[in-house]
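Read the structure below first, then the notes.
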């Protein structure tokens, strides 16, 4: 069982940022990845719809033999991870949440900005994070409609993407934010672009590395850590596989096989 793969999924290609952190920290682990591109963006969908997608994809990855599950999507974690843990009590499941705690600890100005989807920012879980970890700092939230779709297109140098991101970041900088939370797994791919827009003193925080460490801990606790070597990463998408095949060399630095996830 320890040599079984780890299943990872996201609404699209954003979770590849988390997949990369898992690969760096746990190079012996074989990986399965589902990009639910046919139903993106999750951030604008109802919680019930997202829960249904989480259940379908988790069941698929379970049948593919995944020994653990990573919900590499903040919005899906908010809507569906509790149900997944209830339905699979013996399955190690790791979710995502915006990095409010480390951002509150890192800020010097006491003002933190959050770039995230509307679904994440409106969730009770996000509100609870603020109550728990950000009582001593001012948190300014910025919903970012349209960013996910542009990142999904795979052209990170698109002028439209630059302008949209600049419009979201500028008010946060003007308000004095010295720390920015990247509250969606798609957004770490924008770090090079963000670095052109914000002063070097502004800290950019995401949670991909923390998720990889949590996965490492859960696997070790259950004697599920793989000895390796890892097999080739397997990819599925609920949209046209050709699209994901074009994006993988940009975001994953490989051209692994992509199959259709027709559910």
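The numbers here are math on the coordinates, done by the rules we state, and not lab data. Small disclaimer: the values here were computed from a predicted structure and weren't measured. Reconstructed Cβ throughout: ideal geometry from the backbone, glycine too, with neighbour counts over all protein chains shown.
Looking only at the range 222-255, residues that are crowded, with 16+ Cβ neighbours inside 10 Å, within 21 Å of residue 185 (Cα to Cα) and out of contact with any strand residue (DSSP E or B) (no Cβ under 6 Å at 6 or more places or on another chain) come to 7 in all. In the condition set (1) more than 23 Å from residue 113 (Cβ to Cβ); (2) out of contact with any strand residue (DSSP E or B) (no Cβ under 9 Å at 6 or more places or on another chain); (3) outside any loop (DSSP other than H, G, I, E, B), residue 219 is compliant with all but (2). Sort out which residues of the range 19-56 are out of contact with any helix residue (DSSP H, G or I) (no Cβ under 6 Å at 6 or more places or on another chain), in a helix (DSSP H, G or I) and farther than 16 Å from residue 263 by Cβ, and write them in order of number. Within the range 19-56, 19, 20, 23, 24, 44, 48 meet the criteria.
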